[in-house]
Amino acid sequence: MRLPPLIDLGEPVDRTVPRAATDAIALYERTYWSLLRSSRDVPVRTLEEAHLQMRSALHIGARDEQPDMAAFLYAVLRVPMLHRVQHVVMGQSDRVFAAHGYPDVESWSEVSAPARRRRSFWDNEGTLAVYIASRSDVDDLVPILVAYQIERDKLRPRLARPAARAILENHEDGALDDEARASLAEAADLDEEDLERLHRVWGDDLVRQLLILAESRCRIQVRLLSGSLAEYRRATRRWWGHVIASLPTIAFEERPVYFVSSNMHALANLLSGHALAIEPALAAFVAEGSDAALRAEYADILARNVPSSRENFLYYVLKKYEAAHPEAAEERRAAEAACGIHRVPSEHVFDVAVQVVELARLDPERIDPRLRLPGLERLAASDALLVNIDFPLGMAAYQVLSEVAVGASSVRGVYVTGKAATLNGRIGDVMIASVVHDEHSGCTYLFDNRFRADDVAPHLVYGAVLDHQKAISVLGTFLQNEGYMAVFYKEGYTVMEMEAGPYLSAVYEMVRPKRYPQDEIVHLTGAPFPIGFIHYASDTPFSKGKNLGSQNLGYYGIDPTYAAMAAIAHAVLGDEIATIGVQEELLGTR
């Protein structure tokens with residue numbers, strides 16, 4: 001396990017890592033990567049001992065007799081069909097699957113998980129085909145499968161007890177009510193709150209899925225069809241080629257690009273103004289709906305009894321509205337296209353969707369009020385594109401940014417936002433780092449983060465903004481333990497995430513004449529374009545298993561999301577207005 005070089009001035013600190021903590025993680029990685037070289041399926045059970053020895057911070061109850069429901073929930077939220085999976089096969093594209101005996105994988109049922117965007121296909125029997133974008137997907141997926149296997153083995157005998165089985169069979173045709181759930185918790189020696197969380201995830205399928213867990217043993221096997229870097233690069237090139245082919249009227253190689261990595265809803269909502277334009281319909285939907293909490297929140301916002309953002313509330317309601325009125329999604333897409341916002345879903349490779357925004361076509365009158373800057377009308381003269389990537393996982397970030405950078409005439413900014421674990425904050429806080437240690441390359445990157453707390457704080461209601469932080473880009477969510485985290489925390493690293501380091505490795509290659517280095521301190525200060533990273537806290541790993549497997553950001557999760565995205569959009573629009581001003585002065589047209 002490589003440590004970041006010490007870059008802080010002042011007294012030296014003890015940089016000794018507890019050997020048992022880091023060696024256990026390294027052993028686990030070596031074990032599953034060596035096994036995945038096999039041309040046959042690898043039983044997940046063979047990895048259990050190495051997984052247990054690691055003592056993952058996301059699986060603190062792995063060795064306990066009592067099920068660790070936080071880890072179990074974390075798994076079922078991130079991998080679909082786990083209750084029926086027997087084989088998991090991983091590949092980079094439909095071509096890779098076809099070359100290894102799965103020629104019709106995309107004719108299978110496409111399935112998804114609530115908390116991890118990864119293209120997956122189910123053969124309706126026992127095999128799950130998963131598209132991977134980089135080795136980071138393997139580092140993420142394999143420990144999840146092992147954790148699930150361990151916890152399901154604990155759950156089975158509890159759910160198979162005669163008293164518990166009888167309760168489930170008596171409710172086989174419907175959901176568990178509160179009384180039945182309490183009885184099941186007692187009969188199976190489970191926490192009633194954990195069953196309630198499972199109910200929120202599985203809904204009316206809860207009883208059926210619990211019966212499957214009670215009746216069948218879990219024996220998952222996994223196979224990596226191709227682990228070559230060349231295949232990852234081919235998949236990435238094919239991904240970007242699809243974007244170019246989908247938008248034939250846009251000459252990407254002739255247009256400057258602002259690169260943004262976020263999600264597929266926040267930026268479009270801020271720039272299109274569609275939700276604000278249909279507020280009467282959204283207000284009626286809230287008023288007529290069964291969610292009393294939403295009605296009360298909207299009334300309080302209008303009466304200014306709470307500091308919540310009206311715009312953020314409408315963006316949140318829009319998603320629920322579209323779920324109830326499918327035709328509304330098409331109306332939104334048409335409204336976005338009318339102001340130059342194009343959506344391109346990925347095909348035949350990993351699941352990273354793209355939005356391409358033609359800044360010249362934005363309507364200043366419809367943009368979110370927080371972004372109505374002086375001179376906004378001058379964007380009509382812009383030739384720039386905003387390319388927004390639905391944030392990839394780990395090393396896929398390096399591949400994606402590298403491909404986009406090569407395909408554009410120039411890059412005018414790189415902006416990234418996303419979820420992270422915080423070692424010193426609370427869920428919902430926003431963290432801004434200017435030092436990133438990358439576990440993939442071993443490099444510690446120093447850069448001028450475009451953002452400060454003052455850029456985000458005006459848009460944030462419920463959390464705190466922590467700037468001047470230090471981040472570490474880890475290999476995988478499960479590949480950390482208390483000893484590992486403690487040594488980085490001692491050196492001032494407070495943000496743990498997966499993409500910043502790979503993105504900065506790509507930035508290095510955009511501004512230097514060679515490949516990114518290994519195990520160096522790298523100064524990216526003075527880069528020819530701004531670099532901005534904003535993370536919001538979704539996990540607090542020092543809180544003994546408290547993560548988004550055990551709770552959900554819910555409505556209040558939009559607060560840090562939109563605060564970060566408002567800051568990024570403000571920076572992009574402001575920079576482009578300034579660039580147009582400079583160009584006009586040079587041409588004497590101002």
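Observations, loosely collected:
- Set Ile432, Ile472: member being farther than 23 Å from Tyr556 by Cα and touching a Phe, Trp or Tyr at 6+ places or on another chain (Cβ under 6 Å): Ile472
- A single member of His87, His83 is surrounded by fewer than 22 Cβ atoms within 10 Å (Cβ to Cβ), within 21 Å of Ile212 (Cβ to Cβ) and out of contact with any helix residue (DSSP H, G or I) (no Cβ under 8 Å at 6 or more places or on another chain), and it is His87.
- Some residue of the range 448-466 being touching a strand residue (DSSP E or B) at 6+ places or on another chain (Cβ under 6 Å), of a type in the set (Ser, Thr, Tyr) and in contact (Cβ under 8 Å) with a residue 60 or more places away in the chain: no
- Exactly one residue out of Thr579, Thr525 is β-branched (Val, Ile, Thr), at pLDDT 95 or above and in contact with a strand residue (DSSP E or B) (Cβ under 8 Å, 6 or more places away or on another chain), and it is Thr579.
- Of all residues in the range 180-190, none satisfies being at pLDDT below 90, within 29 Å of Glu48 (Cβ to Cβ) and surrounded by fewer than 16 Cβ atoms within 10 Å (Cβ to Cβ).
- Considering the range 363-377, the residues that are out of contact with any Asp or Glu (no Cβ under 8 Å at 6 or more places or on another chain) and not hydrophobic (A, V, I, L, M, F, W, C) include one that is surrounded by the fewest Cβ atoms within 10 Å (Cβ to Cβ), namely Pro374.
- Residue satisfying all of: in the range 537-557; out of contact with any Gly (no Cβ under 7 Å at 6 or more places or on another chain) and buried (at least 24 other Cβ atoms within 10 Å of the Cβ); modelled with the highest pLDDT among these: Asp539
- The number of residues in the range 163-175 that are surrounded by fewer than 13 Cβ atoms within 10 Å (Cβ to Cβ) and either modelled with pLDDT of 95 or more or under 18 Å from His83 (Cα atoms) (or both) comes to 3.
- Failed item, numbered, when Arg200 is tested on (1) crowded, with 19+ Cβ neighbours inside 10 Å; (2) closer than 30 Å to Glu499 by Cβ: (1)
- Lone qualifier among Ala235, Ala245, Ala287 - being within 30 Å of Tyr316 (Cα to Cα) and part of a helix (DSSP H, G or I): Ala287
- Among strands (runs of 3 or more DSSP E) entirely within the range 326-412, having at least 3 residues that are aliphatic (A, V, I, L, M) singles out 354-358, 385-390.
- Residues of the range 162-184 that turn out to be within 17 Å of Ile212 (Cα to Cα), outside any helix (DSSP H, G or I) and of a type in the set (Asp, Glu), as a count: 2
For (1) in the same structural domain as Leu77 (by TED's automatic domain parsing); (2) farther than 25 Å from Leu35 by Cα; (3) in contact with a strand residue (DSSP E or B) (Cβ under 7 Å, 6 or more places away or on another chain); (4) modelled with pLDDT of 95 or more, each residue gets a yes or a no:
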position	(1), (2), (3), (4)
Val111	yes, yes, yes, yes
Leu128	yes, no, yes, yes
Ser136	yes, no, no, yes
Val146	yes, no, no, yes
Arg156	yes, yes, no, yes
Arg161	yes, yes, no, yes
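- Search result, residues across the range 441-461 that are assigned to a loop (DSSP other than H, G, I, E, B) and crowded, with 22+ Cβ neighbours inside 10 Å: Ser441, Cys443, Phe447, Phe451, Leu460
The values are calculated or read from the model by the stated rules, or taken from the named source; none is laboratory data. From a predicted model like this one, the values you see are computed outputs, not experimental measurements. So basically every Cβ, Gly included, is an ideal-geometry build from the backbone, and we count neighbours across all protein chains shown.
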